[in-house]
Amino acid sequence: QPALALGDVLVSLTLGVTLYGETLRGGWWLAIQLLCVALAATGVTGLSHSHTPCGQPGGTAETAVPAGHKTG
């Protein structure tokens, strides 16, 4: 899934520039664009490596908490 999430953005960018003649901003906007790409890549990578405790899939009946139930 991480490859699809990042690949979709890169393919969209490539198609926009090549097929539709869109241009990318330069100058100080380039730094912001690169920062956003780095943040997106970090987020996607972090989410792809996250897992629930004990290898349990999220949202199972054993770990579910009823709505409105206060824990602690």
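General remarks:
- So Pro2, is it exposed (fewer than 10 other Cβ atoms within 10 Å of the Cβ) and at pLDDT below 85: no
- For first residues located in the stretch 1-21 and in contact (Cβ under 8 Å) with a residue 40 or more places away in the chain, partners that are of a type outside the set (Ser, Thr, Tyr) and open to solvent by less than 80 Å² (accessible area, probe 1.4 Å) and lie 6+ apart or on another chain with Cβ distances below 7 Å form the pairs Pro2/Val44.
- Only residues that are open to solvent by 80 Å² or more (accessible area, probe 1.4 Å) and over 22 Å from the mean Cα position of the chain (by Cα) were counted in the stretch 15-34, giving 7.
- Residue check for Gly46: of a type in the set (Gly, Ala, Ser), modelled with pLDDT of 80 or more and open to solvent by less than 80 Å² (accessible area, probe 1.4 Å): yes
The values are calculated or read from the model by the stated rules, or taken from the named source; none is laboratory data. Here the structure is a predicted model, which means the values were calculated and not measured. Cβ coordinates were reconstructed from backbone atoms using ideal geometry, including for glycine residues, and neighbour counts include every protein chain displayed. Just the protein is used for accessible areas: all its heavy atoms, side chains included, with ligands, DNA and RNA removed. Shrake-Rupley method; radii C 1.70, N 1.55, O 1.52, S 1.80 Å.
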